[in-house]
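Here is the structure we will look at, set down as structure tokens.
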Amino acid sequence: MRYLSELKEDDSLCRQAQTSGTFYLFHNLSPFLQKVGKKYLVPQLSAEETKRILEKFKEIEQWIEKSVLIGCSDEHVPHFALDLGWDDSSSICVTLEKSVIESELKGSFTDLRKALFVVDGKDSPLLASAQSLLRWHDSHQYCSKTGQPTQKNVAGSKRVCHASGIIYYPQMSPVVIILVSDGSRCLLARQPSFPEGMYTALSGFCDLGENVEETVRREVAEEVGLEVESLWYSASQHWPFPSSCLMIACHALVRTQQTEISMNTLELEDACWFSLEEIMEGLKRAPRSSKQDDGSFLPWFPPKQAIARQLICEWVKQQTSQPA
């Protein structure tokens, strides 16, 4: 952690680390994956291999300067992320360069939402952090006060407007994700944009000035019309969608006398109570196995990398450990 902090603050040290570190490649925010058998791997390219790939472009140093520091191994090997998507408006150039890299490295650039379903659990947080940081730099190229270009430091841990002296740091938006229960059932919902059949816990952004408890109570009331009686914190997780978010996971118990759902149809497509048996069956299903012969979908739940699944599994464990 100390070495990682030094890399973020010392441009010359970080520039030197770029010659010995490993690189994760992205293209227009999509990570590069390789399929080996039935597994999907996230290759870490050495600095030499990355340089060889970049030699297909005209300005190698300019590309290296675009990389961002995303982590460091226990052996002090720094990890960088580099997005090779072009900034110009020629979609032909983008397609050609993308296909060259995919062909040469025998893999493909994959949408991160799909990638998180198939990569190893240890790779998911790194890919999510990398994409969030790359997206932040792409959307903060100008100072919000002066309109002048901002300059990133070598590590990508900040951007500076030299006209005003303002320093911009990457930020996350706090979001609560809540598994609502009435004691014997839990409530899950879905939005129209979700994959067919997928249900998950309620969630919503914290409003300015709210604490976590206030946000939980407001979101549950707004989305399903229920009053929270008690709540407790479970865990937190960085989540890159829709932008960089800090997911604050909580369990919430609602009054057993008032469990009729009044769904907010502007935000949700469906919301319903699930019994313990229904939850346990849903946890066994994969997205593809949920489709029935008539075209309908049985309920299934988020992948193990998502904190929503952790909440659901915690609730199951609590229910099954209770004395009869």
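Coordinate-derived values only; no laboratory data. Keep in mind that what you see is a predicted model, and the values were worked out from it rather than measured. Cβ atoms come from the backbone with ideal geometry, glycine included; neighbour counts cover every protein chain shown.
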Margin query: Taking 51 Å as R0, compute the FRET efficiency from the Cβ-Cβ separation of Trp232 and Ser12 and round it to 0.05.
Written below: 0.60
Next item on the list: First obtain the Kirkwood hydrodynamic radius of the chain from its Cα pairs, then insert it into the Stokes-Einstein equation at 10 °C and 1.306 mPa s, and state the resulting D in µm² per second as a whole number.
Entry: 72 µm²/s
Margin query: Please report the net charge: other residues with Cβ closer than 13 Å to the Cβ of Met198, K and R +1, D and E -1.
Written below: +3
Checklist line | Highest-MSF residue in the chain out of Asp83, Asp294, Asp207 [GNM, Cα springs under 10 Å] | finding: Asp294
Notebook entry, point to check: Using the alpha-carbon atoms, what tilt in degrees (0 to 90, nearest 10) does helix 91-105 show relative to the longest principal axis of the chain?
Noted result: 90 degrees
Margin query: For a quick check of your reading of the filter: which trypsin sites (Lys or Arg not before Pro) in the stretch 1-74 sit in a DSSP loop and have no more than 15 other Cβ atoms within 10 Å?
Written below: Lys38, Lys56, Lys58
Next item on the list: Determine the gain in length on full extension of the stretch Glu277-Thr19; use 0.36 nm per residue of separation and subtract their C-alpha separation, reporting nm with one decimal.
Entry: 87.5 nm
Next item on the list: Run through the DSSP bridge list for the chain and note the antiparallel percent, rounded to the nearest 5.
Entry: 75 percent
Next item on the list: Work through the residues other than Ile312 whose Cβ is under 13 Å from its Cβ and net out their charges, Lys, Arg +1 and Asp, Glu -1.
Entry: +3
Notebook entry, point to check: For the stretch 173-321, what percent of Cα pairs sit more than 24 Å apart?
Noted result: 27 percent
Next item on the list: Specify whether the C-alpha gyration tensor of the stretch 274-324 places it in the rounded, prolate or oblate class, a ≥ b ≥ c being the square roots of the eigenvalues: rounded for a/c under 1.5, otherwise prolate if a/b is larger than b/c and oblate if not.
Entry: oblate
Checklist line | Fraction of antiparallel bridges per DSSP, the stretch 2-165 only, in percent to nearest 5 | finding: 75 percent
Next item on the list: Tell me the GluC sites (Glu not before Pro) within the stretch 269-324 that lie in a loop according to DSSP and have at most 13 other beta-carbon atoms within 10 Å.
Entry: Glu269
Notebook entry, point to check: Suppose every K and R has +1 on its Cβ and every D and E has -1 on its Cβ; what is the size of the dipole of the stretch 2-165 about the Cα centre, in Debye to the nearest 20?
Noted result: 460 debye
Next item on the list: Would you please give the FRET efficiency between Gln141 and Met172, computed as 1/(1 + (r/R0)^6) with r the Cβ-Cβ distance and R0 = 22 Å, to the nearest 0.05?
Entry: 0.70
Notebook entry, point to check: Please state the relative contact order of the stretch 173-321 as a whole percent: Cα pairs under 8 Å, 6+ residues apart?
Noted result: 30 percent
Check: So which residue, out of Ile166, Ile53, Ile312, gets the largest mean-square fluctuation from a GNM of the chain using Cα contacts under 10 Å as springs?
Finding: Ile166
Next item on the list: Evaluate the distance, in nm, between pseudo-label points positioned 7 Å from the Cα of Leu4 and of Glu49 along their respective Cα→Cβ axes.
Entry: 2.2 nm
Margin query: Please compute the contact order of the chain in relative form: average sequence separation of alpha-carbon pairs under 8 Å and at least six residues apart, divided by the residue count, as a percent.
Written below: 15 percent
Next item on the list: Specify the inter-centroid distance of the stretch 18-47 and the stretch 159-212, based on alpha-carbon positions, in whole Å.
Entry: 28 Å
Notebook entry, point to check: How long are the three semi-axes of the equivalent ellipsoid of the stretch 2-165, in whole Å, if each is the root of 5 times an eigenvalue of the C-alpha gyration tensor, listed from largest down?
Noted result: 25, 20, 16
Note to self: Quick check on the exposure proxy: order His162, His79 from fewest to most C-beta atoms within 10 angstrom.
What the structure shows: His162, His79
